[in-house]
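Peer 1: First, the structure itself, so that you have it in front of you.
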Amino acid sequence: MAEKHSAWLRVLELRLDYLCSDSERADLLRSLSRRTRLPALIATCRTVRGGGNFKGSIEAEIDILAQAVAADVAGVMWKSKRPRGLSRES
């Protein structure tokens, strides 16, 4: 879909919270990394509290977003605001 509408589509949000499994996310990211004509991509993993479908821990959420960064899909940038006092180790 993104390639079909790439002439007018400038930004596309990847709602990783709606994918069912790690393998489904990996398949999507692998497929996107092979494409050359994509709009700017914003990978998100929204919690239920944040209006999304993700019900896991913040650590799992960060891991999912890290998969998008690792896939190097169209220049994905990592930007995270972590609540004060929360570390990945806690």
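Derivation of every value follows stated rules applied to the coordinates shown; laboratory data play no part. Source: prediction; values computed, not measured. Counting neighbours? That spans all protein chains shown, and the Cβs are built from the backbone with ideal geometry, glycine included.
Peer 1: Considering the options Q67, L41, C20, tell which one lies farthest towards the positive end of the dipole of segment 11-70, charges being +1 on Lys and Arg and -1 on Asp and Glu at the Cβ, about the Cα centre.
Peer 2: L41
Peer 1: For A70 and R10 in the same chain, what is the full-extension length gain: residue separation times 0.36 nm, less their Cα-Cα distance, in nm?
Peer 2: Net length gain for the segment: 19.4 nm.
Peer 1: Right, another one. Does segment 11-70 come out rounded, prolate or oblate, given a ≥ b ≥ c as the square roots of the eigenvalues of its C-alpha gyration tensor, rounded meaning a/c under 1.5 and, failing that, prolate meaning a/b above b/c?
Peer 2: prolate
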